[in-house]
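The values are calculated or read from the model by the stated rules, or taken from the named source; none is laboratory data. What you are looking at is a predicted structure, and each value in this text was computed from that prediction instead of being measured. Please note: Cβ atoms are built from the backbone with ideal geometry, for glycine as well, and neighbour counts cover all protein chains shown. Just so you know, the surface numbers come from the protein's heavy atoms only, side chains and all, with ligands and any DNA or RNA stripped out. Shrake-Rupley method; radii C 1.70, N 1.55, O 1.52, S 1.80 Å.
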Amino acid sequence: MRAVTIPMEYRQASADFDRFIVDARDIAALQTTNQAYTMVQAVLYTFRRRLEISDGLLFANALPPVLRAIFVADWDLEEPTLPFSERRAMTREVQAFRGNHNVSPETSIADVAAALRRNVDKTLLDRVLARLPAGAVDFWQASSE
């Protein structure tokens with residue numbers, strides 16, 4: 001019987017996530033990676049609320065393992081899908097996540113998008129986003145794009 005090697009994306013998952021969360025912290029000008037984690041989780045959940053489960057899983061497969069796990073964790077499969085709305089309204093949704101424990105800036109969605117684009121296969125991400133409902137591509141536009 002031939003042994004199967006552990007895929008590199010799993011071997012490197014913690015180091016890759018650490019690099020991503022530091023990027024998110026620095027781009028958003030937050031003080032700690034704990035603050036960045038809350039922002040990232042809020043942005044991912046805000047996006048997830050706008051996807052059907054099959055679209056959410058398609059998106060999740062474009063993410064590195066730790067971000068994939070965060071994206072699908074505690075998903076309420078009975079929650080109704082929301083439409084994409086203007087950036088300001090979705091930013092308010094991000095900022096409301098965990099209330100007083102959230103210091104996400106006005107630029108939080110674009111900041112997380114920029115960090116994500118630095119740390120994933122952009123071609124794959126763009127290909128997946130193009131298959132998702134209208135609004136998905138705009139949601140993941142980084143401020144520098």
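For the residues Ser104, Ser85, a 1.4 Å probe over the protein chains yields an accessible-area ranking, largest first, of Ser85, Ser104. Sorting 122-129, 133-140 by their mean Cβ neighbour count within 10 Å, with the most densely packed peptide first, gives 133-140, 122-129. Among the GluC sites (Glu not before Pro) within segment 1-93, those in coil by DSSP and having at most 11 neighbouring Cβ atoms inside 10 Å are Glu52, Glu78, Glu86.
Taking all Cα pairs closer than 8 Å and separated by 6 or more residues, the relative contact order of the chain comes to 31 percent.
Each residue, Ala130 and His101, gets one label point 7 Å from its Cα in the Cβ direction; the gap between the two is 4.0 nm.
Remark: spin-label model distance Asn61-Asp18 equals 3.1 nm, labels positioned 7 Å along the Cα→Cβ axis. Surface composition of segment 49-138: carbon and sulfur atoms hold 54% of the protein heavy-atom accessible area at a 1.4 Å probe. Measuring with a 1.4 angstrom probe and ignoring ligands and nucleic acids, Arg98 comes out at about 110 Å² accessible.
When mean projected area of the Cα convex hull in nm² is calculated for this entry, the matching label among (1) 8.5; (2) 11.1; (3) 9.8 is (3). Cβ-Cβ distance of Thr32 and Arg11, R₀ of 22 Å, FRET efficiency by 1/(1 + (r/R0)^6): the value works out to about 0.25.
In segment 30-98, Cα pairs under 8 Å separated by at least six residues give a relative contact order of 45 percent. Give the Debye-formula value of log10 I(q)/I(0) at each listed q (0.16, 0.20 Å⁻¹), with one equal scatterer per alpha carbon of segment 1-60, two decimals each. Listed by q, the Debye log ratios stand at -0.69, -0.88. The residues of the chain expose on average 56 square angstrom of accessible surface per residue, using a 1.4 Å probe on protein heavy atoms.
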